[in-house]
Amino acid sequence: MNRPEHAQLQQRSPEQLQQLSLEMSKRIIEITTRAGSGHPSSSLSAIDILACLYLRPIMRYDPHYPDWTDRDRFIMSKGHAAPALYVTMAHAGFFSPDILPTLRELDSPLEGHPNMRALPGLESSTGSLGQGLSIAIGHALAAKIDNAPYAVYVMLGDGEVQEGQIWEGVMFAAGRKLDNITAIIDHNQFQQTNAVKNVMPTLYPLAPKWRQFGWHVAEIDGHDIPAILRTFEELAAVRDKPKMIVAHTLKGKGLSSFEEDTQSRKHGKPLEEDEIAAAISELQRQYEYETAQ
Amino acid sequence: MNIGKDKGLEYGPATRDAFGKALAEAGRRKPSLVVLDGDVANSTRTEYFAKEFPDRFFNIGIAESNLVGIAAGLAASGKEVVAASFAAFLMCNAFDQLRMSIAFPRVNVKFVGSHHGINIGQDGPSQMGIEDMALASALPGFTVLCPADAPSTTKATMAMLDHEGPVYMRVGRPKFPIVYRDDCSFEIGKANTLRHGDDVTIIACGLMVAFSLLAADQLAEEGIDAAVLDMHTVKPLDEEAVEAAARSTGAILTAEEHLLTGGLGAAVAQAVCKTSPAPVISVGLDDTYAASGDPEHLLDRYNLTPPHIAQAARKAISMKHTAELPK
């Protein structure tokens, strides 16, 4: 559909984004604990990048017209980070934040993993790892066929890229010079049972592998908001190559309770009810420390 | 393949040829039609479309998972998409992508698997699609088509493209006997009655439709009056036609070039049990992969020739209920 009127989205400063990211991190903790399941640590590693994409915003979209033909697309390939995406989309105006506490409840549009038929604005149904890059390529190919201006963003997990389908997509996207795709690896170093370096040591180093396949690769601190913004802007100018951001992130960012688990950073485990207050104030202290720097 | 030629079967083009030509024809009418190939376009015959519309044809490479995912993205951005490969590779290699990227979000993509069944012969079981209908049927919302001959494949291709929702259609490699000489109606979900009869109903799909007609001729010589249905849509099954057949003839035989598990026979048996119990005998591959060899010998070895179908029909008749069924 066409967007009847292009409502200019509010532009936010890095400082505002950092504050929003803090608020969203708190929400992730609250709603996953309330649901009793979900993936808060895998959501916290992704939240700063999502804040930049949706709330700077880097992406062009209209929350009131989620089917606008020329909108930029975002595919959450690591579908278990759904809480981060939901919280971000609520802040972006796709739906009321009041719905957030219904995460994972029966008949809530906020299913455990993203269901594009349940929630307007979701571009894909994911949760079986490895599939989002190919879907993103399909959107990007459609844009090339139609000479349409939209860009496609896809977020991958670093464990996820062990799936063979990812590399099928990596080859194809570069071969077709799909410069309208930007993939982001949320490189938080941990997967479900162990550290990535223990499960699949040969995955390291990541960036040269993607470069070898013909991608333009940037490597950044995935929690450094000015760096994230700068990188997206620089990559927008790169032509004839698909782009990859290897974002070094922390699984369970800002919370000692997650970081203490050196095995998997409490993969898929929410905090207990009685840990919430301490976690929220820890996030707050972390934010104050970072913004004072 | 010459099965039945001596009994008057006339062989026409392969169903893959009919599909390829119909697809190219559709490309002329549908500017948003995009075709994806897994590097087998000269086998699936999507090459006809590729030659005419190179800008709307993409060889994804030998990467079926990526093929299905790209199809999902293209469709979500408004393209009409047909993705084709060998039945075996498309359905088996990319099953989770079909599940998660297509079926679950109900994405409107049309999939075509060629080289179905064991009629491909010498290339052997690695290339034979014998689980494809079971896999496709297992996906909620999928429509599953197995047309009988070239003319009906042309119609099936058009019907598939006009259908809203995911479809899987299987087409064959060798020349298939012609079933529809004059006109052929093809309505998704509606069986075609090719022959009326009172003693037994043979419900078949694909190559087995022509063979079933020949089997019915053979049975007629013995005084057995067999009806034949072309069940080109395996899902959603025309349960009304199945029920009517079970009630009117009291015995059902199914014939398919597919595993007996999860294919036409299983679907028909399920439908018969629900509404109008009658014996159901099924001809198909019984929990086995086939050997590699020439198609005629293979079809004979795995009981998929007209005489085998006739023999199974006799067995179905012998198992008929003697008591009157409750109305």
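The values are calculated or read from the model by the stated rules, or taken from the named source; none is laboratory data. Since the model is a prediction, treat every value here as computed from it, not as a measurement. All Cβ positions, glycine included, derive from the backbone under ideal geometry; neighbour counts span all protein chains shown.
Here are some notes:
A quick yes/no check of all residues on (1) polar (S, T, N, Q); (2) under 27 Å from residue B:175 (Cα atoms); (3) touching a strand residue (DSSP E or B) at 6+ places or on another chain (Cβ under 8 Å); (4) in contact (Cβ under 8 Å) with a residue 12 or more places away in the chain:
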site	(1), (2), (3), (4)
B:258	no, yes, yes, yes
B:272	no, no, yes, yes
B:276	yes, no, no, yes
B:298	no, yes, no, yes
B:303	yes, yes, yes, yes
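- Single residue of the range B:1-18 satisfying the filter (in a helix (DSSP H, G or I) and among the charged types (D, E, K, R)) that is surrounded by the fewest Cβ atoms within 10 Å (Cβ to Cβ): B:6
- Residues satisfying the stated conditions in the range A:169-183, i.e. of a type in the set (Lys, Arg) and out of contact with any helix residue (DSSP H, G or I) (no Cβ under 8 Å at 6 or more places or on another chain): A:177
- Total residues in the range A:263-274 satisfying the condition of being part of a helix (DSSP H, G or I) and in contact (Cβ under 8 Å) with a residue 40 or more places away in the chain: the figure is 1.
- Residues within the range B:24-68 that are in contact with a helix residue (DSSP H, G or I) (Cβ under 9 Å, 6 or more places away or on another chain) and either within 14 Å of chain A (Cβ to nearest Cβ) or surrounded by 23 or more Cβ atoms within 10 Å (Cβ to Cβ) (or both), tallied: 29
- The residues in the range A:67-122 that are away from chain B (no Cβ under 12 Å) and touching a helix residue (DSSP H, G or I) at 6+ places or on another chain (Cβ under 8 Å) can be counted, and the count is 30.
- Hits in the range A:109-150 (condition: of a type in the set (D, E, K, R) and in contact with a strand residue (DSSP E or B) (Cβ under 9 Å, 6 or more places away or on another chain)): A:123
- Taking every residue in the range A:99-114 that is on the phi < 0 side of the Ramachandran plot and pairing it with any residue that is basic (Lys, Arg), at least 6 positions away or on another chain, the pairs with Cβ-Cβ distances below 8 Å are A:100/A:27; A:101/A:34; A:103/A:34; A:110/A:104; A:111/A:104; A:112/A:104.
- Here residue B:21 meets the list (1) touching a residue at least 40 places away in the same chain (Cβ under 8 Å); (2) surrounded by fewer than 21 Cβ atoms within 10 Å (Cβ to Cβ); (3) closer than 22 Å to residue A:146 by Cβ almost entirely, failing just condition (3).
- Qualifying residue in the range B:138-148 (condition: away from chain A (no Cβ under 14 Å), crowded, with 24+ Cβ neighbours inside 10 Å and among the β-branched types (Val, Ile, Thr)): yes
- One residue from A:134, A:128 being touching a residue at least 12 places away in the same chain (Cβ under 8 Å), surrounded by fewer than 22 Cβ atoms within 10 Å (Cβ to Cβ) and at the interface with another protein chain (Cβ under 7 Å from one of its Cβ atoms): A:128
- Condition check for residue B:96: outside any strand (DSSP E or B) and not assigned by TED's automatic domain parsing to the domain that holds residue B:162: no
- Residue match in the range B:234-251 (condition: aliphatic (A, V, I, L, M), farther than 30 Å from residue B:30 by Cα and touching a residue at least 60 places away in the same chain (Cβ under 8 Å)): yes
- Some residue of the range A:144-159 being of a type in the set (Ser, Thr, Tyr) and more than 9 Å from chain B (Cβ to nearest Cβ): yes
- Positions within the range B:87-107 being under 21 Å from residue B:37 (Cβ atoms), surrounded by 24 or more Cβ atoms within 10 Å (Cβ to Cβ) and without any contact (Cβ under 8 Å) to a residue 40 or more places away in the chain, in sequence order: B:94, B:97, B:101
- Scanning the range B:189-211 for residues that are crowded, with 24+ Cβ neighbours inside 10 Å and not in a loop (DSSP other than H, G, I, E, B) yields B:200, B:201, B:202, B:203, B:204, B:207, B:208, B:209, B:210, B:211.
- Spans of strands (runs of 3 or more DSSP E) in the range B:212-327 with at least 3 residues in the same structural domain as residue B:201 (by TED's automatic domain parsing) and closer than 23 Å to residue B:185 by Cα: B:226-230, B:233-235, B:252-259
- Pairs linking a residue in the range A:142-163 that is closer than 15 Å to residue A:183 by Cα to a residue that is hydroxyl-bearing (Ser, Thr, Tyr) and surrounded by 24 or more Cβ atoms within 10 Å (Cβ to Cβ), with Cβ atoms under 7 Å and 6 or more positions apart or on different chains, are A:151/A:182; A:153/A:182; A:154/A:77; A:155/A:77; A:156/A:77; A:160/A:77.
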